[in-house]
Amino acid sequence: MAGSDGNAKGRSMTLHMVSSLDGFIAKKDNSVGWLESAGGVYEAGVSISEEEAAAFVRTIDCYVMGSRTYEHALELGWPYGDTPVVVVTGREWPQARKSVEFYSGDLRTLVDVELNARYRNIWLVGGAMLCQRFLELGLVDEIRLMIAPVLLGEGLRLFGGSVMEERWDLKSVVPYKNGFVELSYSASAG
Ligand SMILES: NC(=O)c1ccc[n+]([C@@H]2O[C@H](COP(=O)([O-])OP(=O)(O)OC[C@H]3O[C@@H](n4cnc5c(N)ncnc54)[C@H](OP(=O)(O)O)[C@@H]3O)[C@@H](O)[C@H]2O)c1
């Protein structure tokens, strides 16, 4: 797996998504209640304070997302604060927020030229279509999957479509008190 060459320069592209146990990232009707109601109690898990979560989020320099994820984030209530966001789209959009810029064009140029020049810790946060394209192009250095303790049965598949067989190295497993588990992988050097 070839990560983007940004990795070698201390820059990294992290794909982050929340998935159901059966591999869906969204329900057909786009509702997100399953994310909020999925939690249980797993005593051996860790919990993090709001301050710790906020400090972690401050380490992220830029978010990248597809236009459908952007639309959904605007509807739900913008969770990215003033951190720069790049929305990949072929359409024209009104400038709803100062921190958002729109990009259409070659994705490798986006990463290697536009993003790597400005940011170090870049998070690709969906959706399925854009993440698949990034994976196909070898532009992802790290995958962080948050697995929610729920089966959905149907919906939008996390990695459905054209992703090829590829090995990734497990870096960490973090179980949370609410029953969610975070799995982190890095692009395999082998
Ligand atoms: N569970 C989670 O962690 C999670 C995370 C993120 C999103 N989601 C959910 O996933 C759903 C959206 O995912 P999605 O897969 O349908 O859509 P998406 O990846 O968010 O957006 C797809 C759009 O991105 C643009 N795009 C993608 N690849 C492109 C390329 N190579 N060049 C130019 N533009 C490109 C196109 O925009 P245009 O059509 O504008 O040209 C395309 O229609 C929503 O329901 C969202 O809530 C869930």
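Taken together, the values in this text are just the output of simple stated rules run on the coordinates, not laboratory data. The structure displayed is predicted, hence computed values, not measured ones. Cβ placement follows ideal geometry from the backbone for every residue including glycine, while neighbour counts extend to all protein chains displayed.
Would you work out the charge dipole size for the chain about its Cα centre, treating the Cβ of every Lys and Arg as +1 and the Cβ of every Asp and Glu as -1, and quote it to the nearest 20 debye?
200
Quick one: Karplus J couplings for the range 183-190, per residue in order, coefficients 6.51, -1.76, 1.60, θ = phi - 60°, nearest Hz, x for Gly and Pro?
Karplus values, whole Hz, x for Gly and Pro: 10, 10, 10, 10, 4, 5, 6, x.
Compute the distance from the alpha-carbon center of the range 122-136 to that of the range 70-95, in whole Å.
The two parts, judged by their Cα centres, are 15 Å apart.
If you average the sequence gap of Cα pairs under 8 Å that are 6 or more apart and divide by the length of the chain, what percent do you get for the contact order? Walk me through the numbers before you get to the answer.
On the way: 348 pairs, mean separation 75.9, N = 190.
The value is 40 percent.
Using only the Cα atoms, work out Rg/Rh for the chain, with Rh taken as the Kirkwood radius, to two decimals. List each step's numbers first, then the result.
Values: Rg = 16.4 Å, Rh = 17.4 Å.
My calculation of the ratio gives 0.94.
Where does the chain land at 222 nm, in deg cm²/dmol rounded to the nearest 500, when only DSSP H runs of n ≥ 4 count, each adding -39500 (n - 2.57), divided by all residues?
Numbers: 4 runs with 32 residues, N = 190.
About -4500 deg cm²/dmol.
Report ³J(HN,Hα) in whole Hz for each residue of the range 69-86, in order, from the Karplus equation J = 6.51 cos²θ - 1.76 cosθ + 1.60 where θ = phi - 60°; Gly and Pro get x.
Using θ = phi - 60°, the values come out as 5, 4, 4, 5, 5, 5, 5, 6, x, 4, x, 9, x, 9, 5, x, 10, 10 Hz.
Taking H as built 1.01 Å from N, whose amide H comes closer than 5 Å to the amide H of Y103, not counting residues under 5 places away?
V87, V88, T89
Apply the Karplus curve 6.51 cos²θ - 1.76 cosθ + 1.60, θ = phi - 60°, to the phi angles in the range 95-110 and return the couplings in whole Hz, x for Gly and Pro.
7, 7, 9, 4, 6, 9, 10, 10, 10, 10, x, 5, 6, 5, 5, 3
Go through the range 125-185 and name the trypsin sites (Lys or Arg not before Pro) that are in a DSSP coil and have 16 or fewer other Cβ atoms within 10 Å of their Cβ. Don't skip to the end; give the middle numbers.
Working: sites: R133, R144, R157, R167, K171, K177; in loops: R167, K177.
Passing both the DSSP loop test and the Cβ count: R167, K177.
Within the range 15-113, list the GluC sites (Glu not before Pro) lying in a DSSP loop whose Cβ has at most 10 other Cβ atoms in a 10 Å radius.
Numbers: sites: E36, E43, E50, E51, E52, E71, E75, E92, E101; in loops: E43, E92.
Of the GluC sites (Glu not before Pro), the ones in loops of the range 15-113 whose Cβ has at most 10 other Cβ atoms within 10 Å are E43, E92.
Do any trypsin sites (Lys or Arg not before Pro) in the range 15-58 lie in a loop, going by DSSP, with at most 12 other beta-carbon atoms within 10 Å of their beta carbon, and if so which?
Working: sites: K27, K28, R58; in loops: K27, K28, R58.
For trypsin sites (Lys or Arg not before Pro) across the range 15-58 that sit outside H, G, I, E and B with at most 12 neighbouring Cβ atoms in 10 Å, the list reads K28, R58.
Mind giving me the nanometre distance, one decimal, between the label points for V57 and A96, set 7 Å out from Cα along Cα→Cβ?
Those two pseudo-labels are separated by 1.7 nm.
Would you mind checking which residues have amide H under 5 Å from S19's amide H? H placed 1.01 Å from N; only 5 or more apart, or other chain.
M146, I147, A148
Starting from the amide H of N178, placed 1.01 Å from N in the peptide plane, find each other amide H under 5 Å away whose residue is 5 or more places distant or on another chain.
Residues meeting the amide H criterion: Y42.
Counting Lys and Arg as +1 and Asp and Glu as -1, what is the net charge of the other residues whose Cβ lies under 9 Å from the Cβ of H16?
Charge balance near H16 sits at 0.
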